[in-house]
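J.: Questions regarding the structure given below will be posed in turn.
The values are calculated or read from the model by the stated rules, or taken from the named source; none is laboratory data. Small disclaimer: the values here were computed from a predicted structure and weren't measured. Quick reminder, even Gly has a Cβ in these numbers, built from the backbone with ideal geometry, and neighbours come from all protein chains shown. Side chains are part of the model used for accessible areas, which takes the heavy atoms of the whole protein and leaves out ligands, DNA and RNA. Shrake-Rupley method; radii C 1.70, N 1.55, O 1.52, S 1.80 Å.
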Amino acid sequence: AATYFPAISTDKRFLIQAGEEAQTPIAVRSVFQLGAPLPRLDAKYASNQLSDDDVEERDTEVMTWLLDAFGQEILDAGEDEGLEIFVGGESGTLDLQRGHANAVLVSDLRWLVASFAFVLLYLMWSTRSFWLSLFAMLMVFSCMFPSLFVYRFLFQQTYFGILQVLAIFILMGIGADNVFVVLDTHSQTVAQHPELTTFQERMSVTLRHAGKAALCTSATTFFAFMANALSSFPAIFTFGMWCATLVAVNFVLVCVYYVAVIAVYDAYFSKKKPCGCCPGGMSKKAVDDTAPGADDALSRGEKFFQDRFAPFIIKARIPLVVVFVALYVVFGYFALQMEPDPEPPNILPSDDPFGGYRTQLSGNFMGDDADLNKVKVQLVFGLDKDKPIDREGTDYSDPSDKGTIGWYNMSRLLRFNATDPEDGLNPEITEFQLFLANLCDDLQREQQARTALSIDQDVLGANPAIKCFMWSFKEWIVAQGRLAEFPFKTSRTFSSALQEFFDAPVSATERYSEQGASTNGQVWRSMLFRNAESTEDHQIIITIEAKLSASRGMPYQEGQALAERWDKWFEDYKADPAKGYPDTMKGTGVVLDGGFFHYYYLQGTLISECYSGIALSLFLAALVLLLATQNIIIASVATATITFIVASTIAFAYFLGWKLGILESVVFVMIIGLAVDYCVHLADAYIQCDKETREERVIFMLRRMGMSVMSGACTTIGSSFFLLFTTIRFFQKFSNTILWVICMSLFTALFFFSALMALVGPNGTTGDVPIMAYLAKLVSGKPKAASVTTAKDCEAAPPIDPQNVG
């Protein structure tokens, strides 16, 4: 058995001030120091001059070893003792949480197999054909290859992350929905047009109906994803480009590849008896709807929608609309309460042993390594003030492509190369040393005065809130009896003194401690950084850090205001002649924040882009609907229905306690493309019926497309349902959202949209837009009047009895 020698500490409740009553600690922290020699790695990584790739490879091997050798053993021990244990650790590129998340991701992807199996079995049950079902699923996954080509070479994108994996689940639902529309329309074409004797004639009619509906739904979904592609966030715009590409490729394959699949089925399998698991044959028998007893040829579902559901909708249309409008107001109110997420996205849930480590650490312990939620501000010298990082020409979607550091020449102040000639006396050398020392003292005065800079107060047992190496440097000079030399007069003497200070052992009176540090250089290495890989002596960064009382979870507006106060204070401080900032340093001196201030601005941009993306997607969806239906009334009703679904989804997320993060922003814009599908199918059926009254059109609409939209919803619900059992938070949130959107879209399309059409739907040509018909003719080559659906297709709808519809 392995023997561990941990450093054990209790939580901050155990630390008491004078006169306070001791409390029982509820958390204990054990730190295991693990390091060289590691026999298995020493030979391979013996050199100290390792490339970044070598370091990452080494850390990956160490991380894998740690997780295999210790991770599960520690968790099992805690479970045996009834303890809740959280595990974490990171060093350089080594991050145990990331390693565990990668392992969980691989495990979660097995649910993709379950989703595939469900959709396949449902397709087999619906189509009664293994051939049609199997090749439908193969078509969905074959979309990946041409999509990858377009994504990589047309959009010039290389990033492929978790969100791109989630797109597969969306595609299964969208692809199956298009398949159902094509198959149902083809079956109805066979049943209603026995005069069409060849497959080519039947499929031509089918594609004029189904192709139009699929084009409309694909176009609205495409534009919804492309609205994400306009985002300034790489994770969002790459996801939008990827999904838009998948949707476009899927539409092409449905109209080309899947038509060939149906042709083979029609030629070789349609007349044969299906297998035992697929009884019946494809969808419907070829029966003339206008013949006597045609109602008997309808499926149970079609009979239900025609004889029961449609009359109910027509009779209760006013109460239904009133109820939905009231819900509209309620959902809209709560949707507006959605706030941006102050926390960075966390892949693992908070109750995961690895995912909850940082939350437990910052919530229960003190110290720099535990204060993960406290904002830290760095005043940095050595970077170009105007362009600290040059991102020109970089790939924003590639996390490793970070750009080039904009160095500021510090050689006039610091020279560490022994071969450099002495530069003689330089008043700016003394000015800079005094400026740094005074800057630290003035920051301390700001801290004591509790000014708007919000510098945190020092706490017993923790490192000082202000981290300034000049204080320790001056104390070391005094201890060496060299106070008369300070400030040093030349860059050579200043650099030499600093080097001696860094090589010296840590003083017993040192206020700032670093775990495992034995020299001053190990304590302050992050505060004075010299680029050892460069032969240029000027590539040096000097940092002074201040920990703030402000936490990462503050509202983003307050965080932005705090960032602006720090920027203004530092610029005014450097510009004050009394502070003695050297003229040669005017081009450097920037405020950095370790990502905290950046995240406040990110939140503001995220919420702005989310709502602007929703507005843009709604606008584009309305245009597509107007072009497809060529009727302003139907397009307006469908757009209102989609808006209701969007409001209900955001309100649903608010009820679940979610906040607006990257994943939520992606989903909220994306849902417009998913929400429009069922309304489009119903609207298309409504306008294809040549009956004059809206009541007869509603009955035909529901009879013809009710089961199709139900089947499409079932496949999407089934493919997303299995994500509920995953561990990755992105998958769980995605599943919850998609399930809600699809269920609400189906419910709203069948009840709200149908009720509105029964109430205000156009009679005859009311609401037709001639210019849209002209544009549609330009796009399709056929005017609206050339529709193949005639009054004959609507004959199956029974006459309306005014006594039955109230």
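J.: L602 - would you say it is of a type outside the set (G, A, S) and at pLDDT below 85?
T.: So L602 passes the test.
J.: Is there a residue being in contact with a Leu (Cβ under 6 Å, 6 or more places away or on another chain), assigned to a helix (DSSP H, G or I) and hydroxyl-bearing (S, T, Y) anywhere in the range 133-149?
T.: yes
J.: Further question on the same structure: Scan the range 256-268 and tell me whether some residue there is at pLDDT below 55 and under 40 Å from the mean Cα position of the chain (by Cα).
T.: Looking for residues that are at pLDDT below 55 and under 40 Å from the mean Cα position of the chain (by Cα), one finds none in the range 256-268, hence no.
J.: Now a separate question. Of all residues in the range 381-399 being under 23 Å from the mean Cα position of the chain (by Cα) and open to solvent by 90 Å² or more (accessible area, probe 1.4 Å), which is modelled with the lowest pLDDT?
T.: If we take residues in the range 381-399 being under 23 Å from the mean Cα position of the chain (by Cα) and open to solvent by 90 Å² or more (accessible area, probe 1.4 Å), then P399 is modelled with the lowest pLDDT.
J.: Residue check, Q560 against (1) open to solvent by 20 Å² or more (accessible area, probe 1.4 Å); (2) within 25 Å of the chain's Cα centre (by Cα); (3) farther than 19 Å from I455 by Cβ, all met but one. Which one?
T.: (3)
J.: Specify the residue that is farthest from F381 (Cα to Cα); the eligible residues are those in the range 461-486 that are open to solvent by less than 40 Å² (accessible area, probe 1.4 Å) and among the β-branched types (V, I, T).
T.: That would be I477.
J.: State which residue pairs qualify: first residue more than 20 Å from K574 (Cβ to Cβ) and free of Cβ contacts under 8 Å to residues at least 60 places away in the same chain and inside the range 376-402, second residue surrounded by 13 or more Cβ atoms within 10 Å (Cβ to Cβ) and of a type in the set (V, I, T) in any location, beta carbons under 6 Å apart, and separation of 6 or more residues or different chains.
T.: Correct list of pairs: D401/T394.
J.: Hey, does the range 684-691 have a residue that's over 15 Å from M744 (Cα atoms), of a type in the set (D, E) and either open to solvent by less than 10 Å² (accessible area, probe 1.4 Å) or not in a helix (DSSP H, G or I) (or both)?
T.: For the range 684-691, residues over 15 Å from M744 (Cα atoms), of a type in the set (D, E) and either open to solvent by less than 10 Å² (accessible area, probe 1.4 Å) or not in a helix (DSSP H, G or I) (or both): present.
J.: Got at least one residue in the range 208-231 being touching a helix residue (DSSP H, G or I) at 6+ places or on another chain (Cβ under 6 Å), more than 21 Å from A622 (Cα to Cα) and of a type outside the set (G, A, S)?
T.: No, every residue in the range 208-231 fails to be touching a helix residue (DSSP H, G or I) at 6+ places or on another chain (Cβ under 6 Å), more than 21 Å from A622 (Cα to Cα) and of a type outside the set (G, A, S).
J.: Quick one: in the range 128-160, of everything that is farther than 14 Å from F225 by Cβ and among the small types (G, A, S), which residue is surrounded by the most Cβ atoms within 10 Å (Cβ to Cβ)?
T.: A136
J.: Sticking with this structure for a sec: Considering only the range 161-179, I want to know if a residue exists there that is buried (at least 17 other Cβ atoms within 10 Å of the Cβ), closer than 24 Å to Y122 by Cα and free of Cβ contacts under 8 Å to residues at least 40 places away in the same chain.
T.: No, the range 161-179 contains no residue that is buried (at least 17 other Cβ atoms within 10 Å of the Cβ), closer than 24 Å to Y122 by Cα and free of Cβ contacts under 8 Å to residues at least 40 places away in the same chain.
J.: State whether one or more residues within the range 499-510 are in contact (Cβ under 8 Å) with a residue 24 or more places away in the chain, open to solvent by less than 40 Å² (accessible area, probe 1.4 Å) and assigned to a loop (DSSP other than H, G, I, E, B).
T.: yes
J.: Could you please let me know if S491 is farther than 27 Å from W566 by Cβ and open to solvent by less than 10 Å² (accessible area, probe 1.4 Å)?
T.: yes
J.: Right, next: What are the pairs with Cβ atoms under 6 angstrom where one residue, in the range 573-586, is closer than 17 Å to W407 by Cβ and among the aliphatic types (A, V, I, L, M) and the other, located anywhere, is open to solvent by 70 Å² or more (accessible area, probe 1.4 Å) and not in a loop (DSSP other than H, G, I, E, B)? Sequence gap at least six, or different chains.
T.: No pair meets every condition.
J.: Sticking with this one: Do we find that N250 is within 25 Å of F118 (Cα to Cα), in a helix (DSSP H, G or I) and polar (S, T, N, Q) in this structure?
T.: Taking the combined requirement at face value, the residue satisfies it.
J.: Something else about it: Can you tell me which residue is modelled with the lowest pLDDT among those in the range 651-661 that are of a type in the set (A, V, I, L, M, F, W, C) and open to solvent by less than 10 Å² (accessible area, probe 1.4 Å)?
T.: L660
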